[in-house]
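So the structure is just underneath, and the comments pick up after that.
The values are calculated or read from the model by the stated rules, or taken from the named source; none is laboratory data. Worth saying up front: this structure is predicted, and the values here are computed from it rather than measured. So basically every Cβ, Gly included, is an ideal-geometry build from the backbone, and we count neighbours across all protein chains shown.
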């Protein structure tokens, strides 16, 4: 692929017109067109401006291998169309950067999840529920999977999880690539208990990527409404296991009823929203009237909204392992200080402090292998 | 092919490869002295970026390198993607990701030039590249540079001769063990 081809591909993938790019970079439209048609070579400084506008690293334009067509971002409640492309670009950039860091530090890990197989038309609610049971067991998540799910996926099963804040809509997304593996994006502006459900929902898409995404010439970019319902059913069964949930309910049941406080406490215990909990109860106890269930949710929320405060969400966008690998890469000469600053989204001066803190002494500790 | 000379007392050509060096010189208040002492060049990308430093009172001060380029007090050099490609062909495209864009442009430019220019950096990867290409004597630390022009200071680790030597040697070891680049 020529440099011109790559420039055009990057612009089109970023969803930008020549005029838009010209407006943000100050590079003339005719020049951009000439670069894309390999009629003229840009200076490195101009290429750098274009790379920044497309959210691509400079390395993308020097990669001799054919550009991959497989990177698809799958949204649960896609954000406003004017925002989605930028968020996708940022998310994919973080995924690639994470993969680079793993490679440079010799710490590449394969995704080790019980991936589902089969065809989309064979996949229904019983399969989604069975998959949830299998995942809970295989991942050793226990009776209350919510609080530990993110850590287990990240630390044990090599799923990359990022938190970005976006408004006014949009809650989560995922991507699966043969290059960087499995990655999930959560909206840091959502309440923590909603993010748990989003995480489990996205996990379903990762686990069934080969079922629903593969087969066409390019990956299927949008889930069907039915696939989304399956993902919700999976998330609900994963986070709220029937037996454990029934035991929790029985322990606070008084005269066959539980109060609003009890519902709040169980939702906290399982790290889910009240909506998710009550809908799970709807199906678990075979309630038949959906309107009644909606009314129950409304009433309980009305009674408890002042009691369950929204704790400020964690502001860290980057996984701890990502930061640790970047620090290691910097201090072993695997990456430059400027790149480190870019990867961590910090100023160059702040990045330099990582060198000063970690590399002043060359003291060594002797370890005798046992 | 790539000849470089050791630092001399007359106006030597000195390429400031990363912004960290420039910022430190401004922070120390000796930028003007260094500019008058050496024939300074920076990459076009570094020259076009916004840089700032905190003065002794902690106030943010902006650095306007364009002003120095426009008045010909320092030189801005540029590279083309073809030159960068040629440089990367010895290391693999991965190095375009590891290096800062300004550093890649500088190295592409310097490796395609036969001028005698010393390279001042505070970035370990740059010294590794020089060591791996058996060009350790092209590199100079800020500490050595300031000592040569009588402006010696106590500096952070990354600006010292020991830092440069450590990573230049690491690059040279990579070359010896076959982990370095080929053809340079």
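Condition test on residue A:114, is it more than 14 Å from the chain's Cα centre (by Cα) and in contact (Cβ under 8 Å) with a residue 60 or more places away in the chain?
Details: more than 14 Å from the chain's Cα centre (by Cα): yes; in contact (Cβ under 8 Å) with a residue 60 or more places away in the chain: yes.
Taking the combined requirement at face value, the residue satisfies it.
Of everything in region B:133-151 that is without any contact (Cβ under 8 Å) to a residue 40 or more places away in the chain and assigned to a helix (DSSP H, G or I), the residue that is surrounded by the most Cβ atoms within 10 Å (Cβ to Cβ) is B:143. Residues in region A:143-165 that are within 13 Å of residue A:184 (Cα to Cα) and assigned to a loop (DSSP other than H, G, I, E, B): A:157, A:158, A:159. Of all residues in region B:84-103, those satisfying the criterion of being buried (at least 19 other Cβ atoms within 10 Å of the Cβ) and either free of Cβ contacts under 8 Å to residues at least 24 places away in the same chain or more than 30 Å from residue A:102 (Cβ to Cβ) (or both) are B:88, B:96, B:97.
Restricting to region A:188-197, count the residues that are surrounded by 24 or more Cβ atoms within 10 Å (Cβ to Cβ) and closer than 14 Å to residue A:164 by Cβ.
Of the residues in that region, 1 qualify.
May I ask you to verify whether residue B:168 is over 18 Å from residue A:329 (Cβ atoms) and not in a helix (DSSP H, G or I)? Steps first, please.
Details: over 18 Å from residue A:329 (Cβ atoms): yes; not in a helix (DSSP H, G or I): no.
No: the conditions fail for residue B:168.
Per-residue answers, yes or no, for (1) at pLDDT 85 or above; (2) surrounded by 20 or more Cβ atoms within 10 Å (Cβ to Cβ); (3) under 20 Å from residue A:198 (Cβ atoms):
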{"residue": "A:63", "(1), (2), (3)": "no, no, no"}
{"residue": "A:74", "(1), (2), (3)": "yes, yes, yes"}
{"residue": "A:77", "(1), (2), (3)": "no, no, yes"}
{"residue": "A:83", "(1), (2), (3)": "no, no, yes"}
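Filtering region B:110-127 to residues that are within 12 Å of another protein chain (Cβ to nearest Cβ) and under 16 Å from residue B:45 (Cα atoms) leaves only B:121. When we screen B:28, B:16 for residues that are modelled with pLDDT of 90 or more and in contact with a helix residue (DSSP H, G or I) (Cβ under 6 Å, 6 or more places away or on another chain), the only hit is B:16.
Kindly check whether there is at least one residue in region B:90-103 that is more than 9 Å from chain A (Cβ to nearest Cβ), part of a helix (DSSP H, G or I) and touching a strand residue (DSSP E or B) at 6+ places or on another chain (Cβ under 7 Å). Let's see the steps before the verdict.
Restricting attention to region B:90-103, the residues satisfying the condition of being more than 9 Å from chain A (Cβ to nearest Cβ) are B:90-92.
Right, trim to part of a helix (DSSP H, G or I) and you get none.
No, region B:90-103 contains no residue that is more than 9 Å from chain A (Cβ to nearest Cβ), part of a helix (DSSP H, G or I) and touching a strand residue (DSSP E or B) at 6+ places or on another chain (Cβ under 7 Å).
Scanning region B:60-89 for residues that are within 27 Å of residue A:331 (Cβ to Cβ) and within 8 Å of chain A (Cβ to nearest Cβ) yields B:84, B:88. If you check B:130, B:107, B:155 for being part of a loop (DSSP other than H, G, I, E, B), touching a helix residue (DSSP H, G or I) at 6+ places or on another chain (Cβ under 6 Å) and more than 10 Å from chain A (Cβ to nearest Cβ), only one passes: B:155. Cβ-Cβ contacts under 7 Å between residues 6 or more apart (or on different chains), taken from a first residue in region A:328-341 that is more than 8 Å from every other protein chain (Cβ to nearest Cβ) and free of Cβ contacts under 8 Å to residues at least 24 places away in the same chain to a second residue that is crowded, with 24+ Cβ neighbours inside 10 Å and outside any loop (DSSP other than H, G, I, E, B), are listed as A:340/A:326; A:340/A:330. For region A:130-142, does any single residue satisfy the condition of being part of a loop (DSSP other than H, G, I, E, B), buried (at least 17 other Cβ atoms within 10 Å of the Cβ) and modelled with pLDDT of 90 or more? Within region A:130-142, one or more residues are part of a loop (DSSP other than H, G, I, E, B), buried (at least 17 other Cβ atoms within 10 Å of the Cβ) and modelled with pLDDT of 90 or more.
The set of residues from region A:250-260 being in a helix (DSSP H, G or I) and in contact with a helix residue (DSSP H, G or I) (Cβ under 7 Å, 6 or more places away or on another chain) comprises A:252, A:260. Assessment of region A:345-365 against the conditions (in a helix (DSSP H, G or I), at the interface with another protein chain (Cβ under 9 Å from one of its Cβ atoms) and modelled with pLDDT of 90 or more) yields no matching residue. Taken over region A:88-106, residues that are closer than 14 Å to residue A:15 by Cβ and surrounded by fewer than 21 Cβ atoms within 10 Å (Cβ to Cβ) amount to 2. If we keep just the residues of region B:14-41 that are under 22 Å from residue B:108 (Cβ atoms) and free of Cβ contacts under 8 Å to residues at least 40 places away in the same chain, which is farthest from the other protein chains (Cβ to nearest Cβ)? Selected residue: B:39.
Matching residues to (1) within 28 Å of residue A:149 (Cα to Cα); (2) in contact (Cβ under 8 Å) with a residue 40 or more places away in the chain; (3) not in a loop (DSSP other than H, G, I, E, B):
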{"site": "A:262", "(1), (2), (3)": "yes, no, yes"}
{"site": "A:266", "(1), (2), (3)": "yes, no, yes"}
{"site": "A:269", "(1), (2), (3)": "yes, yes, yes"}
{"site": "A:286", "(1), (2), (3)": "yes, no, no"}
